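The values are calculated or read from the model by the stated rules, or taken from the named source; none is laboratory data. Since this is a predicted model, take the numbers as computed values, not measurements. A quick note on method: Cβ atoms are made from the backbone with ideal geometry, for glycine too, and the neighbour counts reach across all protein chains shown.
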Amino acid sequence: NAGVMQNPRHLVRRRGQEARLRCSPMKGHSHVYWYRQLPEEGLKFMVYLQKENIIDESGMPKERFSAEFPKEGPSILRIQQVVRGDSAAYFCASSPSSGNTIYFGEGSWLTVV
Amino acid sequence: AQSVAQPEDQVNVAEGNPLTVKCTYSVSGNPYLFWYVQYPNRGLQFLLKYITGDNLVKGSYGFEAEFNKSQTSFHLKKPSALVSDSALYFCAVRDNTGTASKLTFGTGTRLQVTL
């Protein structure tokens, strides 16, 4: 019974490139959440998605960041034209449709050089 | 808006002693409260949650937490700390409006257990 799967675990991008982070939720989970953790800081909510719908994107930066959760396949967090300040750990979490607990993946560490 | 406060950046305790990691919350409705633990370079692991019922909630690895509505607190406790408990602990809250909503996390408390 696999948990939340994130890939890549580590990603290095040069400034101006694009970063794509993927997340496969736990089996049976239809809700996906993305959080960002900056070094020595807590988790900041970014976006909450259900299949084919963005439910809450109040934590997403207005530019360069987008997220999707298609009917088939993993959820994708896309960061265009990355800057050094985007360097962080990006965590995906999932929950069942009627559940309260969210379960986290191991994270994707993005380094922008 | 919902929020969580973890007033201590770090808690130091000797192995074998009891530990408490503090958390207070603010939410418009009744709260759902959670504790997670994070080890270095890892994701967050769920420890325990309060939804309703008994104010004392028991969770993984011998941890427990006490919900106090009047003080809007949900402190994490363990009777006897282990060195292996050393990690970063996050308290989180969501409201119970009946629709799924995001978890809001505190800034985390680093627990250091020493021999």
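Here is how the numbers come out for the structure above:
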quantity	calculated
Leading residue by the ranking (nearest to residue A:80 (Cα to Cα)) among those in region A:3-25 that are within 13 Å of the chain's Cα centre (by Cα) and in a loop (DSSP other than H, G, I, E, B)	A:8
Residue count, region B:34-49 (criterion: at the interface with chain A (Cβ under 10 Å from one of its Cβ atoms) and closer than 21 Å to residue B:5 by Cβ)	7
Spans of strands (runs of 3 or more DSSP E) in region B:57-115 with at least 2 residues within 11 Å of chain A (Cβ to nearest Cβ) and of a type outside the set (Asp, Glu)	B:87-95, B:109-114
Odd one out for residue B:80 among (1) surrounded by fewer than 16 Cβ atoms within 10 Å (Cβ to Cβ); (2) modelled with pLDDT under 95; (3) hydroxyl-bearing (Ser, Thr, Tyr)	(2)
Those residues of region A:45-88 which are of a type in the set (A, V, I, L, M), away from every other protein chain (no Cβ under 14 Å) and closer than 23 Å to residue B:104 by Cβ, in sequence order	A:77, A:79
Sole residue being among the polar types (S, T, N, Q), over 14 Å from the mean Cα position of the chain (by Cα), modelled with pLDDT of 95 or more and part of a strand (DSSP E or B), chosen from B:17, B:12	B:12
Residue check, residue A:27 exposed (fewer than 13 other Cβ atoms within 10 Å of the Cβ) and within 23 Å of residue B:49 (Cβ to Cβ)	yes
Only one of B:24, B:52 that is hydroxyl-bearing (Ser, Thr, Tyr) and at pLDDT below 95	B:52
